[in-house]
1. Under the Karplus relation 6.51 cos²θ - 1.76 cosθ + 1.60, θ = phi - 60°, what is the ordered set of whole-Hz ³J(HN,Hα) values for region 188-202, x standing for Gly and Pro?
2. Multiply the residue gap between Trp94 and Ala175 by 0.36 nm, knock off their C-alpha separation, and tell me the result in nm, one decimal place.
3. Can you run phi through the Karplus equation (6.51, -1.76, 1.60; θ = phi - 60°) for region 62-74 and list ³J(HN,Hα) in whole Hz, with x for Gly and Pro?
4. How large is ³J(HN,Hα) for each residue in region 152-168, as worked out from phi by the Karplus curve 6.51 cos²θ - 1.76 cosθ + 1.60 (θ = phi - 60°), to whole Hz, x for Gly and Pro?
5. Just to verify a number: FRET efficiency for Ser58 and Leu143, C-beta to C-beta distance, R0 = 30 Å, to 0.05?
6. Tell me which aspartates and glutamates have Cα within less than 13 Å of Lys206's Cα, excluding those fewer than 8 residues away on the same chain?
7. Could you please report the charge total around Ser213, scoring K, R as +1 and D, E as -1 over all other residues with beta-carbon less than 10 angstrom from its beta-carbon?
8. Quick check for me: using +1 on Lys/Arg Cβ and -1 on Asp/Glu Cβ, what's the dipole size of the chain about its Cα centre, in debye to the nearest 20?
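Nothing in this text is a laboratory measurement; each read-out follows from the coordinates by a stated rule. Please read all numbers here as calculations on a predicted model, not as lab measurements. All Cβ positions, even for glycine, are placed from backbone atoms using ideal geometry, and neighbour counts span all protein chains on display.
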Amino acid sequence: MPRAAGLAVGLAGVLLAASAHAGASGSIAVTSDYIYRGITQTNAKPAVQAGMEYAADSGLYLGAWGSSISWLSDLSTPTAPISSSVELDAYGGWRGKLSEALSVDVGLAYYGYPGRFPAGFNSADTAEVYAGATLAANEALSLGAKYSVSVTDLFGYTNSSGSSYLDLNATLNLADGWSVGAHAGRQWIKSNRAYEYTDWKLGVTKAFANGVSLAAAWTDTDADAALYTNAYGRNTARGTLAVTLTKAF
């Protein structure tokens, strides 16, 4: 079993075993387009996703998450075939409150892409350390910032260890389960500056009973279209509307 798959599956087993205890939570989702940091991971096609997390009273947490993807297999050619259709992630860290309004989150995330790859293919598997903070400005509005730094090559870019991503977000909770969210991010890619970009997102979410929510979000970037157009002629960084149905448990 590939290293990333083994790590994620092993962690998922631990979390599933813990799910009967307080502190365990999870979700399943279906989305019209899996977009990560402004880039479609599924060539603008739907994805199925699931995750589970265990959080201790001390603030320590462990989680596993997975999604169907196509961006790696989209690179496949008859002479250099690629077979990879799933992303398996594992993460862990510590969350805590510094005050009633300010909370912090630090940890490590590992993005795994099991599959079959041609000789010499630079692995897309990526590890990042991150630190974030969230400020509850009032009962309805929260502001957040998160900074991630890769400790491996970033998603297959050559010599890109040390790349970083800044995530800024704001959430406004409205009446009757409605909320509005805004995001801006900047991806820096070491030794691959031409591929760097800024992304932004505006979305709305409606929370229903029993942990069900429906979200719609418009995402766009300023990425160079020539560099982010795949073999199917699609600009994977172009503006996109995605709709996601989630069930939390």
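1. Values, residue by residue: 9, 10, 4, 6, 9, 4, 4, 8, 5, 7, 10, 10, 8, 8, 9 Hz.
2. My answer for the length gained is 26.1 nm.
3. Working through the residues one at a time gives 9, x, 9, 8, x, 8, 6, 9, 9, 5, 7, 5, 5 Hz.
4. Computed from phi, the couplings for region 152-168 are 9, 4, 8, 6, x, 5, 6, 6, 10, 4, x, 5, 9, 9, 10, 10, 10 Hz.
5. 0.70
6. Output for Lys206: Asp176.
7. Details: positive: Lys206, Lys247; negative: none.
My count for the surroundings of Ser213 gives +2.
8. Its charge dipole is roughly 300 debye.
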